[in-house]
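Accompanying notes for the structure given below.
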Amino acid sequence: EVKNLFQLWNSALATEDPDAVAKRYSKEGVLLPTVSDIPRTDYALIKDYFVGFLKKKPQGEILESHVTIGSNWCQDAGIYEFTMGATGDKVKGRYSFIYVWEDGEWKINHHHSSVMPEAFLGPAPLPEIEEAVV
């Protein structure tokens, strides 16, 4: 069910209506977007971000998801990829969504999105993991 909450947001993106997307966020919602240095900490700022972003006609797909469920909140963090319908470009990024139950529906309380750093910094060395001794 938690993974389906992303589809509600993704469907709002498909409307190309910044208001529809901004309404997916809670009253205290925070958006730390991929292509803006400005933290979006209220409805007006979140909507403003999507005015520009939706011009790219983005559609997202979750590639890797890690879910945590609490009481009246849940978290989904992982890797997603956007296809920009306006250009056909694909952009992969890291994400985290924290959802809260507000006014009878799930809303996004925290959303962080960032591009994959290795695209800019080059591949990171693989972590050395010691095998557990049993």
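Approximating the spin labels as points 7 Å out from Cα along Cα→Cβ, the ASP37-to-ASP89 distance works out to 1.9 nm.
For the chain, the carbon plus sulfur part of the accessible surface works out to 55%, probe radius 1.4 Å. Under a no-solvent Debye model with one identical scatterer per Cα of the chain, what's log10 I(q)/I(0) at q = 0.16 Å⁻¹? These q points yield log10 I(q)/I(0) values of -0.83. Entry comment: accessible area of the chain is 62 Å² per residue, from protein heavy atoms only and a probe of 1.4 Å. Partner lysines whose Cα lies under 25 Å from the Cα of LYS90, excluding those fewer than 8 positions away in the same chain, are identified as LYS3, LYS47, LYS55, LYS56, LYS57. For the pair GLN59 and SER96, a Förster radius of 25 Å applied to the C-beta separation gives a FRET efficiency near 0.80, rounded to the nearest 0.05. In this simple spin-label approximation, ASP48 and SER71 carry label points 7 Å from Cα along the Cα→Cβ vector, and these lie 3.8 nm apart.
Counting Lys and Arg as +1 and Asp and Glu as -1 over every other residue whose Cβ lies under 15 Å from the Cβ of GLY104, the net charge comes to +1.
The calculated FRET efficiency for ASP17 paired with GLU128, based on their beta-carbon distance and R0 = 35 Å, is about 0.15.
Mean residue ellipticity at 222 nm, helices only, the chain: -6500 deg cm²/dmol; runs of at least 4 DSSP H residues each add -39,500 (n - 2.57), and the sum is divided by the number of residues. Put the Cα centre of the stretch 85-122 next to the Cα centre of the stretch 5-20 and the gap is 13 Å.
The values are calculated or read from the model by the stated rules, or taken from the named source; none is laboratory data. Fair warning: this is a prediction, and the values are worked out from it, not measured in the lab. A quick note on method: Cβ atoms are made from the backbone with ideal geometry, for glycine too, and the neighbour counts reach across all protein chains shown. Side chains are part of the model used for accessible areas, which takes the heavy atoms of the whole protein and leaves out ligands, DNA and RNA. Shrake-Rupley method; radii C 1.70, N 1.55, O 1.52, S 1.80 Å.
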